[in-house]
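Presented below is the structure to which this report refers.
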Ligand code: 5RP
């Protein structure tokens, strides 16, 4: 039986040897049925295998946080530049125009706010409503090492089971418990646990050193959150390093909609993710687009 202590440290990550994905471009998804693969292909671009997700679901735990006071004004103009929208059903139905044909990763876990214990979440949306909304994926928190780890992993597995009935992928969002350190060992464990439980893709944070171990040991695609607002050059550098070390894309919020020029920023992030543009070139693009829009 596996123990929590006394194990040898993991070290053989096979860095540089890509996991085989026979006949399908999304890591770990070759064995799924047509519907699941079709939805995953809406998320991960068949040409690059990568994705730029625009995350604006923060309000479900924070309320009208900076940059999201008016989603109709701040986010809707960014929609044409995103591959996937990540939001709640409340914002989707009230603010996002249904004519927009972008796939949606629907936030379906709920139950806490920043004023309480964040890990105390439950299922917040029936899978039938996710399908009614034509979601391309359901997104739920997995709080590894937090007080309600057990419950959030229950939410994750129940969501995956419901998604499997309909060919609807599940994105596991590895939320970090208050006392946990965002290092490769912890984030690598979180991502791997989520993949082992059946999540089709995982969202986590970039970390240094050894982020490539996190992505290598996760048999499904890893996308990174941007995290707290940092400068535009730093955010582009972060995206570049994550992609360079095996991330399949970004699911970025504050560092896009909180940028000085969000429309320019999302296009600069796209250049990094889909074209492998170096941070300095992507910053040049950002400045050029920003000046054109001024
Ligand atoms: C918390 C989330 C957000 O979608 C996530 O944090 C991404 O946004 P950011 O880039 O701002 O960190 O899962 O609600």
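Which ones in region 104-135 are closer than 13 Å to residue 39 by Cβ and under 18 Å from the mean Cα position of the chain (by Cα)?
If the condition is that a residue be closer than 13 Å to residue 39 by Cβ and under 18 Å from the mean Cα position of the chain (by Cα), then 104, 105, 106, 130, 135 are the ones that fit.
For region 16-36, state whether one or more residues are under 22 Å from the mean Cα position of the chain (by Cα) and not in a loop (DSSP other than H, G, I, E, B).
Checked against the condition, which is being under 22 Å from the mean Cα position of the chain (by Cα) and not in a loop (DSSP other than H, G, I, E, B), region 16-36 yields at least one hit.
Among the residues of region 201-217, how many are away from the ligand (no atom under 14 Å from the Cβ) and buried (at least 24 other Cβ atoms within 10 Å of the Cβ)?
Of the residues in that region, 3 qualify.
Please name all residue pairs, on different chains or six or more residues apart, with Cβ atoms under 7 Å, provided the first residue is in region 44-57 and is under 16 Å from residue 246 (Cα atoms) and the second residue is away from the ligand (no atom under 16 Å from the Cβ) and not in a loop (DSSP other than H, G, I, E, B).
45/274; 48/274; 50/274
Which one of these is crowded, with 24+ Cβ neighbours inside 10 Å and over 21 Å from residue 41 (Cα atoms): 256, 230, 266?
Values: 230 fails: crowded, with 24+ Cβ neighbours inside 10 Å; 266 fails: over 21 Å from residue 41 (Cα atoms).
Being crowded, with 24+ Cβ neighbours inside 10 Å and over 21 Å from residue 41 (Cα atoms) holds for just one of 256, 230, 266, which is 256.
Within region 61-70, identify whether any single residue is under 15 Å from residue 103 (Cα atoms), within 16 Å of the ligand (Cβ to nearest atom) and modelled with pLDDT of 95 or more, and answer yes or no.
no
Taking the criterion of being closer than 24 Å to residue 66 by Cα and away from the ligand (no atom under 16 Å from the Cβ), would at least one residue in region 266-284 satisfy it?
The answer is yes, given that some residue of region 266-284 is closer than 24 Å to residue 66 by Cα and away from the ligand (no atom under 16 Å from the Cβ).
Can you pull out the strands (runs of 3 or more DSSP E) entirely within region 160-276 that have at least 3 residues that are touching a residue at least 60 places away in the same chain (Cβ under 8 Å) and within 26 Å of residue 18 (Cβ to Cβ)?
249-252
Among the residues of region 26-42, is any at pLDDT below 95 and exposed (fewer than 10 other Cβ atoms within 10 Å of the Cβ)?
No, region 26-42 contains no residue that is at pLDDT below 95 and exposed (fewer than 10 other Cβ atoms within 10 Å of the Cβ).
Before we move on, is residue 39 closer than 15 Å to residue 137 by Cα and within 22 Å of the chain's Cα centre (by Cα)?
Considered against the rule, which asks whether it is closer than 15 Å to residue 137 by Cα and within 22 Å of the chain's Cα centre (by Cα), residue 39 comes out as yes.
The values are calculated or read from the model by the stated rules, or taken from the named source; none is laboratory data. None of the values given here were measured: they were computed from a predicted structure. FYI the Cβ positions are ideal-geometry reconstructions off the backbone, even for glycines, and counts take in every protein chain you see.
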